[in-house]
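Report on the following structure.
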Amino acid sequence: MYAVRRFAVRHSRFFEWVYNCFEPAMVLLDPIFRRVGYNRLEAPVVLFEKTVKGLLFDCKMCGQCVLSSTGMSCPMNCPKNLRNGPCGGVRENGNCEVKPAMKCVWVDAWEGASRMKSGDKITTVQPPVDRSLEGSSSWLRVAREMAEQKRATKEAERHAMAEAFPEAHLEEPAAVPLAYEPSAARPHREATESTTVFESGSKKEGA
Amino acid sequence: MSAERPEDRLDPAGLTNPVPEGHSSNSRLERVLRSGRFAVTAELNPPDSANPEDVYEAARPLSEVVDGLNATDASGANCHMSSLGICALLTRVGYGSILQISCRDRNRIAIQGDVLGAAAMGVSNILCLTGDGVQVGDQPGARPVFDFDSISLLRALRTMRDDGMFLSGRKIKTPPKIFLGAAENPCIPPFETRADRLAKKIEAGAQFIQTNYIYDLPLFERFMNRVRDMGLDEKVYILAGVGPLASAKAARWMRTNVPGIHVPDHVIDRLEGAEKPGLEGKKICIEIIQQMREVKGVAGVHVMAYRREELVSDIISESGVLEHRHAGTGRRRKRTAG
Ligand code: SF4
C-alpha cells in the first residue's frame with residue numbers, strides 16, 4: 001500500500017535497525033536451514049516474506065532485495081525498474097515522470113537513505129536484476145550467501161600457510177596439510193570437531 | 001590473393017590505428033577533451049526515412065563545428081531511424097559519432113551485441129541513457145524493457161571493454177575500444193543528490209557527461225560547486241547541454257510535455273518580450289554557451305535543437321568557442337579522467 005510504503009521510508013532508520021537484527025539471525029540459522037533443506041523451505045518462506053514485505057514496502061519479490069541500499073524504498077516500484085535511480089525525468093514537485101500521482105521512488109530512496117546509519121550504501125553501483133530469480137525468497141538467499149562468505153573466509157585462512165610455503169606444500173604434502181583431519185589424528189587438541197563445515201574449527205596450524 | 005577480397009580493403013573499426021597512450025578509444029572527442037580544449041558536440045535528429053542522404057543532409061552543417069555528433073536513440077520514445085544505423089553512416093564518411101543507447105527498448109542481450117556491432121563499424125563514443133518512459137512517445141502501448149539502467153549499462157560496457165568479456169563471463173575476442181558517456185540532469189529534483197548520482201555514474205564507468213538542457217545558470221552553478229567539492233570535475237569531462245528556444249510558447253510546451261526539462265520563468269519572459277523570439281532564443285543560447293566557458297569544471301558544450309541543424313551550426317560558430325582551436329593554443333589542464 002502506497003501510504004504504508006511511504007511510512008516505511010520515513011522510518012527507514014527503524015527498519016534498518018530491525019533488519020540489522022534479523023539478518024544475523026537468518027545467517028545463524030543456516031546450518032538448520034541446510035539440514036531441513038533449502039528446497040523444502042523455499043515455498044513457506046516465500047509466502048511469509050511476500051506478506052510481510054508486501055505490506056510494508058509494496059515488495060515485488062524480485063528475489064534480490066536491496067532495500068538496505070535504497071532507503072527502504074523498493075526500486076521495483078519505479079515504473080522503469082531502475083536499480084540505480086532516479087532517472088532524469090523526475091517532475092518539479094518530485095513526482096514520477098511515468099506516474100504523475102506517485103512520488104518518485106528514488107526521490108524517496110535518497111531521502112530514506114539520508115536517515116539511515118549506513119545510508120551511503122545507496123552510492124554503490126547495483127547490477128541489473130536477474131529475472132530468473134523473480135518470486136524467490138531473498139531472505140533465504142541472504143542466509144545462504146552470508147554463510148557461504150563466512151565459510152570462504154575460513155577456507156582462505158586455512159590456505160594461508162600453503163600459500164606462504166607453496167613449494168613445501170607441493171613437495172611434502174604432510175608439511176602443510178589441507179585435507180580434513182579426523183580428531184584422532186590430532187592427539188594434542190581437544191576433540192571439538194563437529195560435522196558441519198560451517199562450525200568445523202579446522203584452523204590453520206603450524207606444521 | 002587475399003587483396004582481391006573486397007573486405008580486406010576495409011577497416012571500419014580502425015583496428016590498424018593504435019589507440020593513443022592512456023586513451024580508451026580512437027575517438028576525436030576523447031582526444032579533444034584530454035588535450036584540455038573546450039569540446040563541442042551536437043545532437044543529430046534522426047530522419048523518418050530509409051534514405052542515407054537524409055542523414056548526411058542533417059549532419060553536413062554540424063560536421064564542420066563539432067567533435068562528435070550524437071545520434072539520438074528514439075528520444076522521447078518516438079520511433080525514428082536507429083542510432084546504430086545513423087552512426088554507421090556517419091563513420092563511413094569520417095564524422096565522429098556518438099551512439100546513444102537507451103535502456104527502454106532493448107535488453108542486455110541486444111545491447112551487448114549492438115555495442116560490438118557499433119564498434120566494428122567504427123563507432124568510438126557511446127552515451128548510456130535510461131531513456132524516457134514509453135508513455136510520452138508516439139507508441140505508448142509499447143512494452144518498456146529497462147533491463148539495465150544507465151548506471152548498470154555503463155558498468156556492463158566498461159566490463160566488455162576493460163575485461164574483454166560479456167556479463168555472462170564469456171570472452172570477447174577483440175573488445176570494443178569505446179569512450180563511455182552518460183547524461184546528467186542537474187536542474188531537476190532531487191537537486192541535493194544529483195552530484196552524488198554523477199559520482200555513481202563515474203564509479204560505474206562514465207568518462208564524459210552530457211547534461212540535459214540548462215537554462216538556469218544559478219542552479220547549474222550550485223550543482224557544479226558540489227561537483228567541484230567532490231572533485232568530480234577531475235574525474236569526468238562535463239559537457240553542458242544547451243539549445244535555442246524558438247518562442248515562449250514552445251518553451252512552455254517543452255516544460256510541461258518533455259520529461260526533465262526546466263526552463264525558469266525569467267527566460268520565458270525574455271522570449272515573450274522580444275520582437276523576434278526566434279532570434280532572442282538564439283541570443284540566449286549563445287550567451288549561455290559563453291558563460292559555460294567560464295564555469296570551472298565545464299569541459300565543453302552539447303548543443304541540441306530538434307531538426308534545426310543549420311541554426312545549431314550558426315550558434316556554435318557565433319559563440320566563438322572554436323576560435324581557440326588553432327594549434328598550440330588549447331588550454332591544457334591536467335586531468336585524471338579515466
Ligand atoms: S521518476 Fe522516479 S519513479 Fe519515476 S521512472 Fe524516474 S526514477 Fe522511476
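List of remarks:
- Spatially, the range A:66-89 and the range B:2-68 are offset by 35 Å when compared through their Cα centroids.
- Measuring r between the beta carbons of A:Ser183 and A:Lys117 and using R0 = 41 Å, the FRET efficiency lands at 0.45.
- Charge tally around B:Leu239: other residues with Cβ under 13 Å, Lys/Arg +1 each, Asp/Glu -1 each, net -3.
- Residue-count net charge about B:Gly133 - beta-carbon cut-off 14 Å; Lys, Arg +1, Asp, Glu -1: 0
- Accessible area per residue was computed with a 1.4 Å probe on protein heavy atoms; B:Tyr306 scores about 120 Å².
- Pairs with C-alpha atoms separated by more than 23 Å, drawn from the list A:Lys150/B:Lys201; A:Lys60/A:Lys103; A:Lys80/A:Lys103, are A:Lys150/B:Lys201.
- For a label point 7 Å along the Cα-to-beta-carbon line of B:Ala120, residues of the range B:8-23 with backbone N under 19 Å: B:8-17
- Distance between modelled label sites at A:Ala160 and A:Arg10, nm, 7 Å Cα→Cβ extension: 4.9 nm
- All aspartates and glutamates inside 18 Å of A:Lys154 as judged from Cα atoms, apart from same-chain residues fewer than 8 positions distant: A:Asp30, A:Glu145, A:Glu163, A:Glu181, A:Glu193, A:Glu199, A:Glu205
- Degrees separating the helix B:52-63 axis from the principal Cα axis of chain B, which is the longest one: 60 degrees
- Gain upon complete extension [B:Glu57, B:Arg307; 0.36 nm per residue less C-alpha separation]: 88.9 nm
- With R₀ set to 41 Å, the beta-carbon distance separating A:Phe22 from A:Glu92 gives a calculated FRET efficiency near 0.60.
- Excluding ligands, DNA and RNA, the accessible surface per residue across the protein assembly as shown is 48 Å² with a 1.4 Å probe.
- Surface composition of the range A:13-54: carbon and sulfur atoms hold 71% of the protein heavy-atom accessible area at a 1.4 Å probe.
- Partners for B:Lys296 among lysines (Cα-Cα distance below 18 Å; same-chain residues under 8 apart left out): B:Lys235, B:Lys334
- Helix B:191-204 vs. chain B, principal-axis angle (Cα, 0 to 90°, nearest 10): 10 degrees
- In this simple spin-label approximation, B:Asp163 and A:Tyr2 carry label points 7 Å from Cα along the Cα→Cβ vector, and these lie 4.0 nm apart.
- Interface residues of the range B:242-282, defined as a loss of at least 10 Å² in heavy-atom accessible area between the chain alone and the complex of all protein chains with a 1.4 Å probe, are B:Pro259, B:Gly260, B:His262.
- Within the range A:98-116, the residues that become at least 40 Å² less accessible when every protein chain is included than when their own chain is isolated (1.4 Å probe; DNA, RNA and ligands ignored) are A:Trp110.
- Note on surface exposure: A:Thr153, B:Thr16 rank B:Thr16, A:Thr153 by accessible area, highest first, 1.4 Å probe.
- Full-extension gain in nm, A:Asp130 to A:Ala101, via 0.36 nm per residue minus C-alpha separation: 7.5 nm
- GNM result for chain B, Cα springs below 10 Å: residue of B:Ala183, B:Ala71, B:Ala110 fluctuating most strongly: B:Ala110
- Residues in the range B:177-192 occluded by at least 10 Å² - accessible area, probe radius 1.4 Å, against chain by itself: B:Asn185, B:Ile188, B:Pro189, B:Pro190
- Taking the 1.4 Å solvent-accessible surface of chain B as the whole, the part contributed by carbon and sulfur is 52%.
- Judged by the gyration tensor of its Cα atoms, with axes a ≥ b ≥ c, chain B is rounded; a/c sits under the 1.5 cut.
- Mean separation of Cα pairs under 8 Å and 6 or more residues apart, divided by the residue count, gives the range A:2-146 a relative contact order of 35 percent.
- Most mobile of B:Arg226, B:Arg197, B:Arg170 in a GNM of chain B (Cα contacts under 10 Å): B:Arg170
- Chain pair B, A: total accessible area buried, heavy atoms, 1.4 Å probe, Å²: 2200 Å²
- Accessible carbon and sulfur surface of the range A:59-163 relative to its total accessible area, %, 1.4 Å: 53 percent
- DSSP bridge analysis restricted to the protein assembly as shown gives an antiparallel fraction near 5%, rounded to the nearest 5.
- In this label model, B:Asn257 and A:Glu145 are separated by 4.4 nm, measuring between points 7 Å along each Cα→Cβ vector.
- Nearest 10 degrees, 0 to 90: helix A:138-164 Cα axis against chain A principal axis: 40 degrees
- Electrostatic tally near B:Ile286: other residues with Cβ closer than 12 Å to its Cβ, Lys and Arg +1, Asp and Glu -1, net -1.
- Annotation: B:Val115 carries an accessible surface of approximately 0 Å², with a 1.4 Å probe and no ligand, DNA or RNA atoms counted.
The values are calculated or read from the model by the stated rules, or taken from the named source; none is laboratory data. Computed from a prediction, not measured in an experiment: that's the story for all the values here. Glycine gets a Cβ as well: all are built from the backbone with ideal geometry, and neighbour counts include every protein chain shown. We work out accessible area using only protein heavy atoms, side chains counted, and drop any ligands, DNA or RNA first. Shrake-Rupley method; radii C 1.70, N 1.55, O 1.52, S 1.80 Å.
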